[in-house]
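First comes the structure, then the notes that go with it.
Every number here is computed from the coordinates shown, using simple stated rules; none is lab data. This is a predicted model, so every value here is computed, not measured. Every residue, glycine among them, receives a Cβ derived from its backbone with ideal geometry; neighbour counts consider all protein chains shown.
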Amino acid sequence: MVEAYWNIGKSIVEQQGGEARAEYGAQLIKALSKQMTADFGKGFTISNLKYMRQFYLTFPNGHALRGELSWTHYRLLMKVENEKARQFYLEECAKSAWSTRQLERQINSFFYERLLSSRDKAGVAGEIKKLEPGKSPEDIIRDPYVLEFLGLEQNASFYESDLEQALIDHLQKFLLELGRGFSFVGRQKRFTFDGEHFFIDLVFYNYILKCFVLIDLKAGKLTHQDIGQMQMYVNYFTRELMNEGDNLPIGIVLCADKSEAVVRYTLPEGNTQIFTSKYKLYLPTEEELRQELQREYRALDETIETE
């Protein structure tokens, strides 16, 4: 698959007449995406083809393709601007069988730069084994591009644990039955930028409030990272998916915990319209959501005990 992506990127660059004609590439990639999707099926969206093009430009020498590395490995490597550092990570990753999580940590912690400047090179080199687990099956198959390439459905079960999935199933039905203007948009809604994929558990549109309602379920206690992530989701929908006449999206983070279900609403800084009576009239209350989560937890516990 990696080799196929590299060759597709090579063909795109050649059709563009080289990198210098990148401005011509937008229309070409759009046409290619339409044609290749018709010919071969999923996996050839405009964004995917752009990554394939960048893949070839970043690794123009085909010898850089290593059988030990996945497409996710290469997407991470493409972010490394320093060519020497990128080559170092590539070789070390293949030699040491780093998982994608291990590679990402090494890049983000400036492993290459620290190794060059450190006197204790053995200590720096050995830290990854202590801090990150080895490669798992998820590191190999848990990638939307791979699923698209293989023609598999992007089923939510690829991304959620059984417990979280059951809760999401229940919440989806609960909100639709609750009424109050909810229209279901999607689950495990994916969007991608800078080569990274993000998934929102549930997305609704409320036609009374005229806004998107985003819901993310987190196992355990609420953290500031959860709030920050929802902030990003809300900002993305605000800037990319709002239509004329829409109100600002609403983000709801549900932290599922058996002792207590904590519900928090997140909006862009300075916006408080969610707290007005109009919004409260049509959105489920914290107590309603908390009770639904606890009710579903009890049902799951009873199911487990009888199995």
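Spin-label pair residue 295-residue 79: with each label point 7 Å from Cα along the Cα-Cβ axis, the two points sit 4.1 nm from one another.
Using a cut-off of 31 Å between Cα atoms, the listed pairs 42/221; 30/79; 50/84; 50/95; 10/42 include 42/221 as exceeding that distance.
Placing pseudo-labels 7 Å out from each Cα toward the beta carbon at residue 42 and residue 210 gives an inter-label distance of 3.5 nm. What does the charge count near residue 203 come to, summing +1 for each Lys or Arg and -1 for each Asp or Glu among other residues with Cβ under 11 Å from its Cβ? Spelling it out: positives minus negatives among the neighbours equals +1. In plain terms, the chain from residue 115 to residue 26 could stretch by 28.0 nm, reckoned as 0.36 nm per residue minus the Cα-Cα distance.
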